[in-house]
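S.K.: Attaching a single structure in structure tokens format; questions to follow.
Derivation of every value follows stated rules applied to the coordinates shown; laboratory data play no part. Quantities reported herein were computed from a predicted structural model and do not represent experimental measurements. Positions of Cβ are generated from backbone atoms using ideal geometry, with glycine treated the same way; all protein chains shown enter the neighbour counts.
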Amino acid sequence: MNRSLVRWIAGGAVAAASSLPLLISQPAGAASLPANLAKFANCPIDNPSVDVCLYSATSSTTFVIGSTTITSTSPTKVSLGLSFNAQGQPTVVLPDNGTQAITSPAIPLPGGLLGIPGAPDSGPLQVTVTPQLAGTPVVSLGNLLTANGPGFTLPIDVLISNSSGLLGSDCTIGDAASPITLNLTTGTTNPPSPNKPISGQVGTVKSKNTGIVSIRGLKLVDNAFAVPSADNCGPGGILDEILDLDKGLPSAAGNNAATLAGSSFTAPASLIRKYLG
């Protein structure tokens with residue numbers, strides 16, 4: 001991997017300023033983002049410390065939690081800002097416009113509430129799961145591009161829902177106090193037994209003279225995380241134990257895996273401010 005590209009991204013606004021002389025001469029205050037920048041609409045550019053806007057979207061997601069495998073081809077999206085210190089280390093800045101940094105569609109849970117094979121996609125026992133952010137992510141663009149260590153660390157919980165309302169509105173696996181912590185890497189994992197190492201993929205990296213960097217064919221993996229028990233499911237939590245027994249929760253590290261494939265993009269915050277600032 002080209003180390004100068006890593007340093008260039010980490011430079012944030014400094015690098016952007018040196019690479020955008022054409023844009024500086026153009027009028028600011030455009031009413032909206034052009035189509036090629038619309039993905040960055042939730043970047044917290046009103047925060048002056050934000051140097052870089054980041055957007056990622058999955059094309060496929062697979063979670064293995066004990067004996068349960070959950071798959072989806074609907075996109076899970078990540079939108080946030082990055083602020084860099086003098087040493088080039090990024091800090092995540094969450095969206096400030098009321099949107100969530102992670103948005104995901106509800107994914108059907110195989111077997112429904114009781115784990116019945118072939119259970120229908122509707123009805124009182126059908127269950128969906130939705131990943132939700134349960135803390136502040138950590139991003140390392142250097143790790144992401146060099147396949148060395150976690151590129152994204154995501155503390156999440158999983159909202160469990162069903163159409164009948166049987167589970168209530170706050171039935172989750174994990175929470176802010178005890179999240180599922182995904183240390184997603186494009187490199188190779190080092191999980192505890194019985195899991196074996198698996199590898200991600202950096203993908204194809206391209207940069208433009210506007211400062212936009214795209215990574216396509218990205219594959220992020222982690223199979224060294226633990227999954228806690230279900231909580232707040234049903235009145236007084238009476239369905240917690242049913243979900244735990246059916247899904248094998250809690251599930252210790254070494255028995256779970258996550259694979260997310262898709263694309264990621266960064267843009268100088270100064271470029272987005274040109275239209276939205």
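S.K.: With a 10 Å radius around each residue's Cβ, average the other Cβ atoms per peptide and rank 183-196, 151-164, 68-81, highest first.
M.R.: Those peptides, ordered most packed to least, come out 151-164, 68-81, 183-196.
S.K.: Using θ = phi - 60° and the Karplus relation 6.51 cos²θ - 1.76 cosθ + 1.60, list the HN-Hα couplings for region 202-209 in order, rounded to whole Hz, with x at every Gly or Pro.
M.R.: 5, x, 9, 9, 9, 10, 10, 6
S.K.: Provide, in order from the shortest bin, the percent of all Cα-Cα pairs of region 3-276 in each 10 Å bin, continuing until the bin that contains the maximum pair distance.
M.R.: For region 3-276, the binned pair fractions read 7, 28, 31, 20, 11, 3, 0 percent.
S.K.: So for each of 48-57, 169-178 I average, over its residues, the number of other beta carbons within 10 Å; can you give me the resulting order with the highest mean first?
M.R.: Details: 48-57: 22.4, 169-178: 17.3.
Top to bottom by mean Cβ count within 10 Å: 48-57, 169-178.
S.K.: In percent, how large is the relative contact order of region 158-277, given Cα pairs closer than 8 Å and 6 or more residues apart?
M.R.: Once normalised by length, the contact order is 27 percent.
S.K.: Quick one: check the C-alpha center-to-center distance for region 234-277 versus region 54-75, whole angstrom.
M.R.: That distance is 9 Å.
S.K.: List the relative contact order of region 3-276 as a percent without decimals, with contacts defined as Cα pairs under 8 Å and 6+ residues apart.
M.R.: 22 percent
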